[in-house]
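To start, the structure itself, in structure tokens.
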Amino acid sequence: MTEVVNGSDFRGITVHDFSEKILEQVVHFHVMKLDGGFFLWVGSAPVLSNLAVSMSSKYDLMPLSTLVMGDPSNTAANSLAQRLAKRTKKQVFVSYSLPMTDSSLSLLVENRIKKELELHPENF
């Protein structure tokens with residue numbers, strides 16, 4: 001559905017959820033597609049522990065990225081947002097609410113997101 005708001009097209013917000021058991025842990029993914037970007041929440045419990053945003057810049061090949069809230073020593077949300085912004089060419093908000101105890105978990109989570117991007121690009 002497209003409507004005109006303040007002279008420009010507005011497609012609204014769509015929501016896409018999926019889950020996967022990764023390393024004996026159920027990981028939930030929640031995607032809210034926004035106009036020109038998307039919000040991705042990743043976690044195993046309903047907690048918003050951090051939030052990062054990333055977007056492309058005409059001044060650098062790597063997208064700009066910053067942590068909006070959370071522990072600055074945990075760079076998972078920042079890194080993931082930056083890689084997704086580069087891949088999708090969109091503004092990306094990421095909340096990564098999984099423990100950083102296993103680096104292979106982060107890699108498997110990112111691979112699952114990439115798979116979902118390939119299967120359902122319309123949701124991002």
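The values are calculated or read from the model by the stated rules, or taken from the named source; none is laboratory data. As the structure is a computational prediction, the values presented were derived from the model and not from experiment. Positions of Cβ are generated from backbone atoms using ideal geometry, with glycine treated the same way; all protein chains shown enter the neighbour counts.
Within the range 36-50, residues that are in contact (Cβ under 8 Å) with a residue 12 or more places away in the chain have Cβ atoms under 8 Å from residues that are of a type in the set (D, E, K, R) and assigned to a loop (DSSP other than H, G, I, E, B) in these pairs: 36/90; 37/90; 38/90; 49/71; 50/71, counting only partners at least 6 apart in sequence or on another chain.
Of note, residue 31 satisfies the criterion of being at pLDDT 95 or above and either touching a His at 6+ places or on another chain (Cβ under 6 Å) or among the charged types (D, E, K, R) (or both).
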